[in-house]
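The values are calculated or read from the model by the stated rules, or taken from the named source; none is laboratory data. The structure presented is a predicted model; accordingly, all values stated were derived computationally and were not measured. FYI the Cβ positions are ideal-geometry reconstructions off the backbone, even for glycines, and counts take in every protein chain you see. For accessibility, only protein heavy atoms count, side chains too; no ligands or nucleic acids. Shrake-Rupley method; radii C 1.70, N 1.55, O 1.52, S 1.80 Å.
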Amino acid sequence: MPGYTEELTQSAPEVPEPGESPAESVGQRAVQAQVASVARAARAGNGGVLQVVHGTKRVGWAAYELQASATHLVQGVAKPPYVQTGTLDSLESRKLAEGVRYQVLYDRSALARSPQLDITTKLVAMGEQARVIHVAPTKLIMVDNEIALLPLTVTETSVESAVVVRSSAMLAAIARIFEDLWRYAAPFTADEDLEGNELGPTEEERWILSLLASGATDDTIGRLMGFSARTAHRRVRELISRLGVETRFQAGMQAVKLGWL
């Protein structure tokens, strides 16, 4: 639809790898400038509600440019696959130091990557608010409640294209979904290894308890953890029984008392 979507195509030169010629480096700067102009236009309200970014490296640069423009809030959902920019963590560190708040939801699989747990722990120590969800529906970056970046097409290893969404009913819906996920997610903790403690909960039980503590229904627990509603109900009842209580509320209180949450 003309005036509603704008594409950042692959007509610009491809991004060079280390060791390429100066001429190729000029091409790289041209592509980066193109991506930066799209980010600026989106923040300024030009170019329509949606803008499509094509190419893995362009998507990475768009993520960087949008976060760099944040003035007070960045909200995100982190899950594989990962766009490689090499600078997003240092950028977040700088933005946190500037007083920009970060709220990041981590797909559980994201924290399974060997460096990510350490990186997240350091960022949380710097002020990042982090929560963990069993299965995140999509990657997301949303800046100042004004603009968001979501993947369109992905492979197992990369994001091939993404869409920039400006202030609109669609962005409002995305913000509401993020708020719901945030409310039901478990607080991040760097200490995830309880396997050696037979008296402690299993990882799955901790997820269920965290969701119970947030007021999630069995249907919600099932959806977020990939269970059927019937399976979620059975797991909740088993956990309540294991804790020696009778109600969901009592289960949450007992879990806190035992230090399980």
Please list, by residue number, every one of the trypsin sites (Lys or Arg not before Pro) in region 101-170 that is coil in DSSP and has at most 14 other beta-carbon atoms within 10 Å. 113
Expressed as a whole percentage, what fraction of the accessible surface of region 91-193 belongs to carbon and sulfur atoms when a 1.4 Å probe is rolled over the protein heavy atoms? 54 percent
As I understand it, the dipole of region 61-103 uses +1 on the Cβ of Lys and Arg and -1 on the Cβ of Asp and Glu, about the Cα centre. Which of 102, 88, 61 lies farthest toward its positive end? 102
Considering only region 64-196, what is the antiparallel percent among its DSSP beta bridges, to the nearest 5? 60 percent
Here, GluC sites (Glu not before Pro) of region 122-157 satisfying both criteria (DSSP loop; at most 13 other Cβ within 10 Å) are 156
Write down Rg/Rh for region 135-191, rounded to two decimals, with Rg from the C-alpha atoms and Rh from the Kirkwood relation over Cα pairs. 1.02
Region 55-125: GluC sites (Glu not before Pro) falling in loop per DSSP and having at most 16 other Cβ within 10 Å: 98
Karplus (6.51, -1.76, 1.60) ³J(HN,Hα), θ = phi - 60°, over region 88-104, in Hz, Gly and Pro reported as x: 5, 5, 5, 4, 4, 4, 5, 5, 4, 5, 7, x, 6, 7, 10, 10, 10
Residue 72 - accessible surface, heavy atoms, 1.4 Å probe, Å² rounded to 10: 90 Å²
